[in-house]
Amino acid sequence: MTEIQLPDWGEPLFEGWWRYMLLYGGRGSAKSHTVAAALVVRAAMTTTRFLCVREFQNSIDDSAKQLLEDKIYDMGMHGRFSITKYGIEHKQTGSTFRFRGMSRPGSLRGTEGIDVVWGDEAQDFSRKSLRSLIPTIRKPGSQLIFTLNPQTPQDAIWKLIEKLQGDPKAVLRLVNWRDNPWFPEILNEERLRDLRRDKDEYQHIWEGQFLSRSNALIMSDRCQLGLEFDCPPAWDTDDGRYYYGADFGFAADPNVLIRAWIKDGYLWVDRAVFGYGIELPDIARMYDAVPGARDWPILADSSRPDIISMLRNLGFNIEGAPKGPGSIEDGIAFLRSFNGIKVHRRCVEFQEECLRYSYKVDKKTEQVLPVVESGFDHGWDALRYAFALLAKSMNGLVVSDEEMNDLDMF
């Protein structure tokens, strides 16, 4: 066995009595580095099949592969491993490392016989991903390791932590910078700088506490981001059509056109075009970048009838979306009524809005106010407009969120 230095809390990584290990906490704790080093050594000790997963992995560069390679070289073991573009294998023991993104369809195919799973950045895991992963890893003696910095108490991985409290086969450990015996001075300087700048953000980044403003976030818990999927034929959607919504920009705000559809109870968004500093005559050119924009109805911000009239004259089937008292709240409730919202990886700006769309927070009292914070609402306004007539026809009837609250991992 190659000797390595590990913090005391990392010693159970070499033990076989546990089924679950969840290491959670803030930056500088060396959680991922410790797990990576331990797995490399285990690979050299005995034949082991490792599966390294993240929720979002659009390419091998998004995986933990580079960190594992770094550990192999740091420990002088590069001669013992065969490292290819997509995998790692120990030449003597035959141990293998495979890498998957849980959000990709079929990500767990061919994973029978896995001995150890390492789920990094596990705060991003969806409930669906965990429900698929855990029962798939069923080889006797198999183990699941998760490393994460918690975001909200509603995170699927945190629900798992809560369920495993007191379980005799679970290692649950809060690990922060002070638990790293080799915490570097350069990171300590950064830590102290963050402490002076924003105490709430510091608690999350460095102490592994929940995001203090997370209850102000509106849609992040409903969104699955970074996905790849094809647009189905209109007849193969739940209601046989696509939905287009447009928000008009003023000053520094963007013009937005979004395309979506409903399928299997989910709302799917595959196009979200943001245009900054677009002159009025160029809006049509921006819209033409979205397939079908001239063929399907577009519901738009009704506060600019002049732009709507111009676009109609240019051949677009566009009209103002209905507005009124409570229309924002009703629109949000309608969007939340779906099983979830699946967003294509090409919708870069909209994915950022998914994570940052929020209500205002009173700076003095930290109370969440019933007013949407401006700045990350443009794509969401466009999406609300797209479904405004459908939401109105359904008279605001939405599915209760209660069924989403109980997370049964087993």
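Conditions tested, residue by residue: (1) within 27 Å of Ser220 (Cβ to Cβ); (2) without any contact (Cβ under 8 Å) to a residue 12 or more places away in the chain; (3) in contact with a strand residue (DSSP E or B) (Cβ under 7 Å, 6 or more places away or on another chain).
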| residue | (1), (2), (3) |
| --- | --- |
| Gly275 | yes, no, yes |
| Pro281 | no, yes, no |
| Ala284 | no, no, no |
| Val290 | yes, no, yes |
| Arg304 | no, no, no |
| Ala333 | yes, no, no |
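Please specify each residue of segment 379-410 satisfying the condition of being closer than 18 Å to Arg222 by Cα, touching a helix residue (DSSP H, G or I) at 6+ places or on another chain (Cβ under 8 Å) and modelled with pLDDT of 50 or more.
Passing the criteria: Gly379, Trp380, Leu383, Arg384, Phe387, Ala391.
Between Leu383, Leu355, which is of a type in the set (A, V, I, L, M), crowded, with 18+ Cβ neighbours inside 10 Å and outside any strand (DSSP E or B)?
Details: Leu355 fails: crowded, with 18+ Cβ neighbours inside 10 Å.
It is Leu383.
Could you tell me which residue of segment 196-211 is modelled with the highest pLDDT, considering only residues that are of a type in the set (A, V, I, L, M, F, W, C) and closer than 17 Å to Asn180 by Cβ?
Going through the qualifying residues, I end up with Trp206.
Looking at the structure I just gave you, is Leu225 outside any loop (DSSP other than H, G, I, E, B), at pLDDT 90 or above and not assigned by TED's automatic domain parsing to the domain that holds Lys159?
Spelling it out, it is not the case that Leu225 is outside any loop (DSSP other than H, G, I, E, B), at pLDDT 90 or above and not assigned by TED's automatic domain parsing to the domain that holds Lys159.
Scanning segment 122-148 for residues that are modelled with pLDDT under 90 and assigned to a loop (DSSP other than H, G, I, E, B), which turns out surrounded by the fewest Cβ atoms within 10 Å (Cβ to Cβ)?
Looking at residues that are modelled with pLDDT under 90 and assigned to a loop (DSSP other than H, G, I, E, B), I get Ser126.
Could you tell me whether Tyr357 is under 23 Å from Asp239 (Cβ atoms) and either among the aromatic types (Phe, Trp, Tyr) or within 20 Å of the chain's Cα centre (by Cα) (or both)?
Details: under 23 Å from Asp239 (Cβ atoms): no; either among the aromatic types (Phe, Trp, Tyr) or within 20 Å of the chain's Cα centre (by Cα) (or both): yes.
When the stated conditions are applied, Tyr357 does not pass them.
Can you tell which of Thr34, Thr96, Thr111 is within 29 Å of Glu201 (Cβ to Cβ) and in the same structural domain as Lys128 (by TED's automatic domain parsing)?
Thr34
If a residue has to be under 24 Å from the mean Cα position of the chain (by Cα) and either surrounded by fewer than 21 Cβ atoms within 10 Å (Cβ to Cβ) or over 19 Å from Asp70 (Cα atoms) (or both) to count, how many in segment 29-56 make the cut?
So the answer is 4.
Check segment 308-316 and report whether any residue there is under 30 Å from the mean Cα position of the chain (by Cα), of a type in the set (Phe, Trp, Tyr) and either at pLDDT below 90 or assigned to a loop (DSSP other than H, G, I, E, B) (or both).
Taking every residue of segment 308-316 in turn, none turns out to be under 30 Å from the mean Cα position of the chain (by Cα), of a type in the set (Phe, Trp, Tyr) and either at pLDDT below 90 or assigned to a loop (DSSP other than H, G, I, E, B) (or both).
Among the residues of segment 213-267, what is the count of those that are on the phi > 0 side of the Ramachandran plot, touching a residue at least 60 places away in the same chain (Cβ under 8 Å) and either surrounded by 15 or more Cβ atoms within 10 Å (Cβ to Cβ) or touching a helix residue (DSSP H, G or I) at 6+ places or on another chain (Cβ under 9 Å) (or both)?
Total meeting the criteria: 1.
The values are calculated or read from the model by the stated rules, or taken from the named source; none is laboratory data. Keep in mind it's a predicted model, so treat the numbers as computed, not measured. Reconstructed Cβ throughout: ideal geometry from the backbone, glycine too, with neighbour counts over all protein chains shown.
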